[in-house]
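Peer 1: What follows is a structure written as structure tokens; I'll ask about it next.
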Amino acid sequence: MSKFIPGMIVLITCLALVTLPTAVYAKNDIVSQNKIITENDNGNTIYIKEGNAFFLMLKENPSTGYSWQLRLSSGLNQLSDKYQPLGSSKNNFIIGAGGFRLWKIEGVAKGSQQVNAIYKRSWESTGEEQTFKLNVVVV
């Protein structure tokens, strides 16, 4: 029994040391080029390499007057901005139905950056609008 306890201690220590780098790295997973970020990522932090881009896709229905107003910190660059209605094939378009706004955003400067968006009517003052925030660490 006395030989069993030191062996278990060594085994547990080895297992802890083997899994530690994986746990540390998991917090800082670098997202792949052109990954799509959605409302589910609101408030999260992502890591991207400098020069890489990701897509931000948020639900939008401009027929109601509401649209997303996007603000990027200086280390991020907006490469594109496109609205895509749902059911938008040539023969299938639903008037008044929503869709989504898709931006392509590139990390151009290392460090902590932010994406902030507010869903509002341009002619109304701010109040109870839906917001979106994403922390982006460019490495």
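The values are calculated or read from the model by the stated rules, or taken from the named source; none is laboratory data. From a predicted model like this one, the values you see are computed outputs, not experimental measurements. Glycine also receives a Cβ, built like all others from the backbone with ideal geometry; neighbour counts cover every protein chain displayed.
Peer 1: May I ask you to verify whether Thr64 is touching a residue at least 60 places away in the same chain (Cβ under 8 Å) and in contact with a strand residue (DSSP E or B) (Cβ under 9 Å, 6 or more places away or on another chain)?
Peer 2: For Thr64, the condition - touching a residue at least 60 places away in the same chain (Cβ under 8 Å) and in contact with a strand residue (DSSP E or B) (Cβ under 9 Å, 6 or more places away or on another chain) - is not met.
Peer 1: On to the next question. Output the residues belonging to the stretch 103-131 that are farther than 20 Å from Asn52 by Cβ, out of contact with any Leu (no Cβ under 6 Å at 6 or more places or on another chain) and not in a loop (DSSP other than H, G, I, E, B).
Peer 2: Passing the criteria: Asn116, Ile118, Tyr119, Lys120, Arg121, Gln130, Thr131.
Peer 1: Taking the residues in the stretch 113-132 that are polar (S, T, N, Q) and surrounded by 13 or more Cβ atoms within 10 Å (Cβ to Cβ) as candidates, determine which candidate is farthest from the chain's Cα centre (by Cα).
Peer 2: Of everything passing the filter in the stretch 113-132, Gln130 is farthest from the chain's Cα centre (by Cα).
Peer 1: Restricting attention to the stretch 8-49, report how many residues are of a type in the set (A, V, I, L, M), within 23 Å of Val139 (Cα to Cα) and at pLDDT below 50.
Peer 2: Of the residues in the stretch 8-49, 4 are of a type in the set (A, V, I, L, M), within 23 Å of Val139 (Cα to Cα) and at pLDDT below 50.
Peer 1: Filter the stretch 35-50 down to the residues that are of a type in the set (S, T, N, Q) and free of Cβ contacts under 8 Å to residues at least 24 places away in the same chain and list them by number.
Peer 2: Of everything in the stretch 35-50, those that are of a type in the set (S, T, N, Q) and free of Cβ contacts under 8 Å to residues at least 24 places away in the same chain turn out to be Thr38, Asn40.
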